[in-house]
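Working notes, beginning with the structure itself.
The values are calculated or read from the model by the stated rules, or taken from the named source; none is laboratory data. No experiment lies behind these values; they were computed from the predicted model shown. Because the Cβ atoms are built from the backbone with ideal geometry, glycine has one as well, and the counts that use them run over all protein chains shown.
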Amino acid sequence: MIKYSGMGLAIIFSLLMVPFAYGQNSIPEVEALLAKMTLEEKIGQLNLLTPGGGIATGAVVSKNVEQKIKAGQVGGLFGVSGPDRIRIAQEMAVNHSRLKIPLLIGSDVIHGYKTTFPIPLGTSCSWDTELIQRTARIAAIEATADGINWNFSPMVDIARDPRWGRIAEGAGEDPFIGSAIAKAMVKGYQGEDISAANTMLACVKHFALYGASEAGRDYHTVDMSRIKMFNQYLPPYKAAVEVGVFSVMTSFNDIDGVPATGNKWLLNDVLRNQWGFTGFVVSDYTSVNEMTAHGLGDLQSVSTLALKAGLDMDMVGEGFLSTLKKSVAEGKITEAEITTACRRVLEAKYKLGLFDDPYRYLDSNRPKESILTKEHRQTARQVAAKSFVLLKNHNDILPLKKDSKIALVGPLADSRKNMLGTWAPTGDSDLAITVMEGFKNVAPEAEITYAKGANISDNNEFAKKINVFGPRIEIDRKSPEKLLKDALIAANKSDVIVAVVGEATEMSGEAASRTDISIPESQKKLIRALVATGKPVALVLMSGRPLTIPEEFDFPVAILQVWHPGVEAGNAVADVVFGDYNPSGKLTATWPRNVGQIPIYHSVKNTGRPASPKFEKFKSNYLDSPNTPLLPFGYGLSYTSFEYSNLTLNKTKINQDETINASITVANTGNYDGEEVVQLYLRDVVRSITPPMRQLKGFKKVFLKKGEQKTVTIQLSPDDLKFYNSAMEFVSEPGEFEVFMGTDSNCNLKQSFILN
Ligand code: BGC
């Protein structure tokens, strides 16, 4: 027999009183509009098209866009920018379609609009969520000035496989910092008031688990336990929902055998019912159609599947537009299901204020005033410098004196095209500052001799694949031998060598997976030859992912990891190389020694047979490599040194609803002022499902003058102790917890407390 509690009855009663579940929060203007709409017009709102001009990542670019807008068959466009161009499209919708419904105007503003910031993986290494929020705010100011009202960002996919090219677009491997950054970015884009003319809808993507594609191959299968999903991969998407993200984009991959775009459990049960998401869900580029290739049926079947699963908008593929009406006629879906999806799209338009004024983002004066301002570029320079991670600094080679005699070499030392990084379609690489220019700006008194030294790669076939969006790898007319010889001549004339090496922009990003993530051989040869000169060598390493650099790391060199630094690249690199800014970045993704260690991340579990320091048979280890990574999560050096002492907890026992404070003293014991990211890791010693050995649960970035010391306190909340158990309940379990605090995920100062 089913028993209803008093509360349950009240809920059922209220549902009976209000025949539609949306009744309480419904927007009268939207309901009135829906009442006037034909089935075709409702389906039209679910159609997102691109007239071209952006990056066509799928099979098609939309055709007959103009006629479709006028016929009320388009809910939104993307890949169009500029108030004047967008006005033409908006006027077609508002003046020519029967119901005059304005369009959503989307765009991929992934790391800045025209003011391009570093790739997101780089920015995440700043561990500075306030600054990251500011970058998103600036991106929104610029994008909305150019007519955009909907942004396909933040990308919050957890990635633990650096072979996957899109690791560049997210915040790395960890759900805790990933969630903090997801929130910061949504807040930055959406601002305080979504109807303001300088805020836009954010779209958290790619829901879900896209970063876990098998073997790091893009778009590949994902098969994961619910426990792993909920504990490790879903938190950043959920965090975005918690701060009110207005839209969600599905991912290309399947989950439990059903692609995310048609996965009812994911979109309906988890996202809407469990997390309370009330916005709209858009597919990824042709991901509805792609379910046919996945083996789930013809276009009509997969479109039905997607709509029933809870997808509201179909990006580019026009499966909804071309099949939903037929499916209604055949009784496969109901008009009410289409109305629900349409309502969600219209509500977003209403909240943006488009019904009040469809042209609210279309002020032709704004681009000049708001885009690429001095202040925005200044922030780009600042965040770039803060994203750099000093991986090694043999003999304190860095920072350089500003009057040094420098051989500036390497295929990325004077490259403009490779500074912005992947997924910067709204940026303009011609505006980027090269490293050479940055050196001249920051250290005009330096004597610089430039030589390219090597091609990014000597492999023509590889270069062709990288150059689909323009020349990123330019194979020089000079032979590799001549390039190298010129570099050695430059080196001989100089006191110190700075080699700018690594990946071209398009060597990471979408559909840019690599099985070998080392520095290409052409550049390795250059590095070896430079090191052999015996002169001090600083490697400035650019890449969109962690690389495998065991050989280079063993050389007596300095290595500054700068990712792809954005429009102010060269200035920021020079700021750090010459010591105007002391590097403070910390890795947000573990750097493996070799690809055989992948997937690799800090929050691993123990096995029943943990590796021992000395080789022993029948232990969980490799015959040919240690288990430990080359560089751990959270790692990053400074020109100064920090010492940690005196880790204390303010309680030794707590109840389930209590907080606990961990404090540690950090002292700047070196010769420079500097910033340090103090990190806190937690270990749940015994619990009902196997615990990770440690997990990031707190961090604070502090500035310390040389000689200064500070006590840093991080509070753990009751939720920080919780996890999803086998019954998928979010709980904490009584027992001992260990707290580790320090400079990276290997930190070993430790204290324990008991949870009652
Ligand atoms: C990408 C998305 C992007 C979309 C629209 C897709 O290929 O996966 O991240 O938002 O294209 O450009």
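Overview of results
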read-out: Residue among 703, 699 that is assigned to a strand (DSSP E or B), under 24 Å from the mean Cα position of the chain (by Cα) and modelled with pLDDT of 95 or more; value: 699
read-out: Test: residue in the range 378-388 that is closer than 28 Å to residue 75 by Cβ, among the basic types (Lys, Arg) and not in a loop (DSSP other than H, G, I, E, B); value: no
read-out: Verdict on residue 189 being away from the ligand (no atom under 16 Å from the Cβ), farther than 22 Å from residue 314 by Cα and among the hydroxyl-bearing types (Ser, Thr, Tyr); value: no
read-out: Counted residues, the range 192-219 - those being more than 15 Å from the ligand (Cβ to nearest atom) and over 30 Å from residue 294 (Cα atoms); value: 8
read-out: Unmet requirement for residue 522, which otherwise passes all of (1) within 16 Å of the ligand (Cβ to nearest atom); (2) surrounded by fewer than 23 Cβ atoms within 10 Å (Cβ to Cβ); (3) not charged (D, E, K, R); value: (1)
read-out: Verdict on residue 239 being touching a residue at least 60 places away in the same chain (Cβ under 8 Å) and assigned to a loop (DSSP other than H, G, I, E, B); value: no
read-out: Qualifying residue in the range 642-656 (condition: at pLDDT below 95, assigned to a loop (DSSP other than H, G, I, E, B) and either surrounded by 13 or more Cβ atoms within 10 Å (Cβ to Cβ) or among the β-branched types (Val, Ile, Thr) (or both)); value: no
read-out: In the range 245-266, the residues that are within 12 Å of the ligand (Cβ to nearest atom) and either more than 16 Å from the chain's Cα centre (by Cα) or not aliphatic (A, V, I, L, M) (or both); value: 247, 250, 251, 252, 253, 260, 261
read-out: Residue match in the range 200-211 (condition: over 29 Å from residue 745 (Cβ atoms), surrounded by fewer than 20 Cβ atoms within 10 Å (Cβ to Cβ) and not basic (Lys, Arg)); value: no
read-out: Residue 715 vs. criteria modelled with pLDDT of 95 or more, surrounded by 18 or more Cβ atoms within 10 Å (Cβ to Cβ) and among the polar types (S, T, N, Q); value: no
read-out: Residue within the range 443-451 that is more than 16 Å from the ligand (Cβ to nearest atom), modelled with pLDDT of 95 or more, among the polar types (S, T, N, Q) and touching a Gly at 6+ places or on another chain (Cβ under 9 Å) present; value: no
read-out: Single match in 169, 242 (criterion: out of contact with any Pro (no Cβ under 6 Å at 6 or more places or on another chain) and either away from the ligand (no atom under 16 Å from the Cβ) or closer than 17 Å to residue 122 by Cα (or both)); value: 242
read-out: Count of the range 689-735 residues which are of a type in the set (Ser, Thr, Tyr), touching a Lys or Arg at 6+ places or on another chain (Cβ under 7 Å) and under 30 Å from residue 637 (Cβ atoms); value: 0
read-out: Scan of the range 83-106 for residues that are of a type in the set (Gly, Ala, Ser) and at pLDDT below 95, ordered by number; value: 89
read-out: Contacts under 6 angstrom Cβ, first residue in the range 559-584 being touching a residue at least 40 places away in the same chain (Cβ under 8 Å), partner among the acidic types (Asp, Glu), 6 or more apart; value: 570/437; 581/575; 584/675
read-out: When residues of the range 313-339 are limited to those that are outside any helix (DSSP H, G or I) and farther than 19 Å from residue 260 by Cβ, the one nearest to the ligand (Cβ to nearest atom); value: 318
read-out: Selection from the range 575-624 of residues that are hydrophobic (A, V, I, L, M, F, W, C) and either over 24 Å from residue 519 (Cα atoms) or part of a loop (DSSP other than H, G, I, E, B) (or both); value: 578, 587, 589, 598, 600, 604, 611, 615, 618, 623
read-out: Helices (runs of 4 or more DSSP H) enclosed by the range 73-160 - at least 2 residues per element that are buried (at least 24 other Cβ atoms within 10 Å of the Cβ) and within 16 Å of the ligand (Cβ to nearest atom); value: 120-124, 129-145
read-out: Residue satisfying condition, being of a type in the set (Gly, Ala, Ser) and within 28 Å of residue 430 (Cα to Cα), within set 608, 596, 570; value: 570
read-out: Filtered residue count, the range 668-696, keeping only those that are over 20 Å from residue 389 (Cα atoms) and assigned to a strand (DSSP E or B); value: 6
read-out: The range 674-733, residues that are within 26 Å of residue 124 (Cα to Cα) and of a type in the set (Gly, Ala, Ser); value: 674, 698, 717
read-out: Among (1) within 30 Å of residue 394 (Cβ to Cβ); (2) in contact with a Lys or Arg (Cβ under 8 Å, 6 or more places away or on another chain); (3) assigned to a loop (DSSP other than H, G, I, E, B) - the single one residue 633 does not satisfy; value: (2)
read-out: Members of the range 220-235 found to be within 15 Å of the ligand (Cβ to nearest atom) and surrounded by 17 or more Cβ atoms within 10 Å (Cβ to Cβ), listed by number; value: 222
read-out: Residue that is surrounded by fewer than 24 Cβ atoms within 10 Å (Cβ to Cβ), without any contact (Cβ under 8 Å) to a residue 40 or more places away in the chain and on the phi < 0 side of the Ramachandran plot, where the choices are 430, 403; value: 430
read-out: Within the range 161-182, considering residues that are outside any helix (DSSP H, G or I) and acidic (Asp, Glu), the one farthest from residue 422 (Cα to Cα); value: 174
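Quick grid of which residues meet (1) closer than 16 Å to residue 44 by Cα; (2) in contact with a Phe, Trp or Tyr (Cβ under 9 Å, 6 or more places away or on another chain); (3) modelled with pLDDT of 95 or more:
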| residue | (1), (2), (3) |
| --- | --- |
| 272 | no, no, yes |
| 279 | no, yes, yes |
| 282 | yes, yes, yes |
| 289 | no, no, yes |
| 310 | no, no, yes |
| 314 | yes, yes, yes |
| 320 | yes, no, yes |
| 324 | yes, no, yes |
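So that you can scan it fast, the table gives a plain yes or no per residue for (1) in contact with a Phe, Trp or Tyr (Cβ under 9 Å, 6 or more places away or on another chain); (2) among the small types (Gly, Ala, Ser):
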residue: 625; (1), (2): no, yes
residue: 630; (1), (2): yes, no
residue: 635; (1), (2): yes, no
residue: 638; (1), (2): yes, yes
residue: 647; (1), (2): yes, no
